[in-house]
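The numbers here are math on the coordinates, done by the rules we state, and not lab data. Note that the structure is predicted; figures quoted are calculated from it, not measured. Please note: Cβ atoms are built from the backbone with ideal geometry, for glycine as well, and neighbour counts cover all protein chains shown.
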Amino acid sequence: MNYSATLLASLLLAGSLPALAEDVQHGENLYTIYCTQCHGVTGNGDGVNVPAMSVQPRNHRDQGEMSARTDAELFKAVKEGGKSINKSVLMPPWGGNLSDDDIHALVRYMRQLCCQSGG
Amino acid sequence: MRLKLLAGLVLTAGLFQPFPGALADTGQWLQSECGSCHALEQPDYPALGHAERLTRKGPPLYYAGNKFHAGWLESWLQDPVRIRPAGVFPPGAVVPSEEGDVIDPAKLEEHPALDASQAKMAADYLMELRPHDELIAATAYTPGAIASRMGELNFTKFNGCDACHSDGPGYGGLSGPELYTAWQRLQPGFIASFIADPAAWDPHTLMPKTGLNDSAVERLANYLKLIGEQAP
């Protein structure tokens, strides 16, 4: 069971749906603040910086692409940057700005973007 | 001093409001006129959480004295040209389109212009705000030279700064402030310290802390010096 599923199961068992909603909102806020400039305000990879970029940012609404990545890989890419998973240096490491809990919330939000919102 | 301040502000024209006589000093005046967009005291970032960044309207100014060149600040306040193409919070000014996300100019706010006396008073006050002298003192950076091609490679290919920042008019990303004017605006020690650890200055900055060593920071800072000295 991956981290997101574990958390969801824990929250459901604990009857903590308000906490789940709060966690999703936190992830969405972080995504809006830190990710949309490149990954797009809708998460489709068409952010405002894209015309200046040599590599197209990942489309987080693409279920096929996102399904090929584990939560651990997404976490590593966010925390340590694209180079850490042999991807572009244009994806910076956010581990110096965000806590591990923040990054887990981001990963859960990315999962929602790709696979639970009709994307 | 109070009379001089009042006299200067009574002459105010344009969007910036005249100095209300009931206020006691420049700090109160700035808080009244600027405080709704700019933090003039360090916010309680942990208590506010990331919601602070979602609602921020202007860059924090409580460390302005550690950041800006005084002359540039005084001049800019009188002629506030845009430095951040997408505003201080890009997601608030960007909309999706068929060609990808674009900046909606209608969502960008203009900064009011101050007259010369207001600008001098504001800059004099802001330059006294130096809560991070220790960060500047800890910076080993000494400005130097770098070859243009090597500087550009460091800025683009090796570090990806151009994804968010422009190193020349029309070149580079739009979400971050333009950097071909950074050397004119910012103190060298601030540039180096901010590149090395931006979150130490602003816990909610959109600039990532990438773990660069002193040499790498120096190369980037020297490139900003190079392009800044060439900028119009």
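Once you order the gyration tensor axes a ≥ b ≥ c over the Cα atoms, which shape class does region B:16-134 get: rounded for a/c under 1.5, otherwise prolate or oblate by comparing a/b with b/c? Write down the numbers at each step before the final one.
Numbers: a/c = 1.89, a/b = 1.47, b/c = 1.28.
Because a/c hits 1.5 or more and a/b exceeds b/c, region B:16-134 counts as prolate.
Please state the relative contact order of region A:24-115 as a whole percent: Cα pairs under 8 Å, 6+ residues apart?
Answer for region A:24-115 is 30 percent.
What nm value, rounded to one decimal, do you get for the distance between B:Gln230 and B:Cys37 when each label is placed 7 Å out toward the C-beta?
Here the answer is 3.2 nm between the modelled labels.
Cα convex hull of region B:55-116: how many Å³ per residue?
Values: hull volume 6.3 nm³, N = 62.
Looking at region B:55-116, the number lands at 102 Å³ per residue.
Please report the relative contact order for chain B, taking Cα pairs under 8 Å with a sequence separation of at least 6, and give it as a percent rounded to a whole number. Could the numbers behind the result be given before it?
On the way: 313 pairs, mean separation 48.3, N = 232.
Relative contact order, chain B: 21 percent.
Taking only DSSP H segments of four or more residues, each worth -39500 (n - 2.57), what value at 222 nm results for the protein assembly as shown once the sum is divided by all its residues, to the nearest 500 deg cm²/dmol? The partial results should precede the final answer.
Working: 19 runs with 160 residues, N = 351.
Counting only the DSSP helices, I get -12500 deg cm²/dmol.
So what's the Cα pair-distance distribution over chain B, bin width 5 Å, in %?
P(r) for chain B, in whole percents per bin: 1, 6, 12, 17, 18, 17, 13, 8, 4, 2, 0, 0.
Say a site is exposed when it is one of the GluC sites (Glu not before Pro), sits in a DSSP loop, and has at most 11 other Cβ atoms within 10 Å; what is then the longest site-free stretch of chain B? Present the calculation step by step, with values, prior to reporting the outcome.
On the way: sites that count: B:Glu98, B:Glu99, B:Glu110, B:Glu128.
In short, B:129-232.
If you take the square roots of the eigenvalues of the alpha-carbon gyration tensor of region B:80-158 and sort them as a ≥ b ≥ c, do you get rounded (a/c under 1.5), prolate (a/b over b/c) or oblate? Mind showing how you got there, number by number?
On the way: a/c = 2.32, a/b = 1.09, b/c = 2.12.
It comes out oblate by the Cα gyration axes.
Would you work out the Kirkwood radius for the protein assembly as shown? I mean one over the mean of 1/r across all pairs of different Cα atoms, in Å.
On the way: mean 1/r = 0.0459 Å⁻¹.
When all Cα pairs of the protein assembly as shown are included, the Kirkwood radius is 21.8 Å.
Need one number: nm distance between label points at B:Leu153 and B:Asn213, each 7 Å from Cα along Cα→Cβ, rounded to one decimal.
According to this spin-label approximation, the distance is 1.8 nm.
Provide, in order from the shortest bin, the percent of all Cα-Cα pairs of region B:102-232 in each 5 Å bin, continuing until the bin that contains the maximum pair distance.
For region B:102-232, the pair-distance distribution reads 2, 9, 16, 21, 19, 16, 11, 5, 1.
In square nanometres, what is the average projected area of the Cα convex hull of region A:24-115?
Values: hull surface 20.9 nm².
For region A:24-115, averaging the hull's shadow over all directions gives 5.2 nm².
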